[in-house]
Amino acid sequence: MIQKTKSVTPAATFFIILLFIFLLNPSACPAEYIYYKDGRRVEAEIVKRTKDTVWMQYAGGTIGVDSKEISKILNSDGSVSKYGVDYLVDQIHGLVKEKKYTEAEKSCTFLLESSPEDSRMRYLRGMLNQKLGNAPKAIEDYNFLVSRKDADDAIFNNLGAIDAQSEKYSDAEDLFYKAIKCNPRKVEFHNNLAELFMSLKNYDKAIEEYNNVLKLEPGNLVALFNLGVVYKNKGDYLKAGKQWQRVLAVKPDDPDARKALLSLKKVKNK
């Protein structure tokens with residue numbers, strides 16, 4: 001009876017070829033270590049990275065490796081290789097600091113084409129598209145994270161801000177409340193919800209939320225100033241004036257508060 005031999009997988013064959021080449025000529029691949037997701041490590045010289053392939057050079061030519069199989073790439077001294085994901089992520093954060101949002105968004109997309117489930121890149125790309133005014137793309141990434149149950153308070157808040165801009169006020173309110181439920185001590189979320197209520201002329205709820213901000217941060221200038229606006233809109237000029245005086249107590253040279261107080265005097269003198 002003839003025994004059937006097990007066929008060698010392409011990945012195993014590739015690994016054997018690289019190991020054989022390295023043993024024959026160890027200086028041919030000195031630059032980087034590729035760490036595979038299955039635990040293997042191969043020393044190689046990386047020459048290029050495309051959206052789904054990392055290309056490595058050896059004595060006999062060039063071989064492409066599916067980037068989905070790689071967990072990380074390090075230089076031979078242990079530092080991060082410029083072809084590794086961590087290096088590219090740092091590069092993207094550098095572009096964000098320089099406010100080069102379009103370039104950073106393109107780099108995020110480049111990484112996500114080979115690692116579509118990378119939550120941090122999904123979130124970052126969502127924020128970049130939101131900054132660039134591309135709401136549909138931002139929503140797509142945020143909703144992906146929501147569906148994966150990777151959404152946090154910031155994502156709910158960002159989605160709420162997008163809905164508020166699109167005048168989807170009911171949806172925005174629900175999302176801001178979700179963000180607050182996740183992180184009730186985040187001042188930004190209460191301010192955003194209060195601003196939404198101002199847009200809806202629901203002044204009592206706006207006052208409630210601005211007061212929630214001031215419980216957390218008594219000197220918050222946004223809440224102090226906007227409370228004055230709410231009271232003025234309600235016709236309570238005395239309380240409005242007091243709020244703007246509180247702004248000047250925190251920031252004596254605040255031009256908006258001074259201008260608001262001046263406009264209030266004009267209204268009273270009519």
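The values are calculated or read from the model by the stated rules, or taken from the named source; none is laboratory data. Just so it is clear, the structure is predicted and the values come from calculations on it, not from any experiment. Glycine also receives a Cβ, built like all others from the backbone with ideal geometry; neighbour counts cover every protein chain displayed.
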Considering residues that are surrounded by 13 or more Cβ atoms within 10 Å (Cβ to Cβ) and in a helix (DSSP H, G or I), the number found within the range 247-262 is 8
State all residues of the range 92-102 that are surrounded by 14 or more Cβ atoms within 10 Å (Cβ to Cβ) and without any contact (Cβ under 8 Å) to a residue 24 or more places away in the chain; if no residue qualifies, say none.
-> Leu95, Lys100
Do you know which residues across the range 135-160 are under 14 Å from the mean Cα position of the chain (by Cα) and part of a loop (DSSP other than H, G, I, E, B)?
-> Asp150, Ala151, Asp152
In the list Tyr83, Tyr87, which residue meets the criterion of being modelled with pLDDT of 85 or more, part of a loop (DSSP other than H, G, I, E, B) and among the hydroxyl-bearing types (Ser, Thr, Tyr)?
-> Tyr83
How do the pairs read when you match residues in the range 113-129 that are without any contact (Cβ under 8 Å) to a residue 40 or more places away in the chain with residues anywhere that are not in a helix (DSSP H, G or I), using Cβ under 6 Å and keeping only pairs 6 or more apart or on different chains?
-> Ser119/Asp150
Out of the residues in the range 41-91 that are surrounded by fewer than 17 Cβ atoms within 10 Å (Cβ to Cβ), in contact with a Phe, Trp or Tyr (Cβ under 7 Å, 6 or more places away or on another chain) and of a type in the set (Gly, Ala, Ser), which is nearest to Thr109 (Cα to Cα)?
-> Ser71
Scanning for something without any contact (Cβ under 8 Å) to a residue 12 or more places away in the chain and polar (S, T, N, Q), does the range 191-206 turn up at least one residue?
-> yes
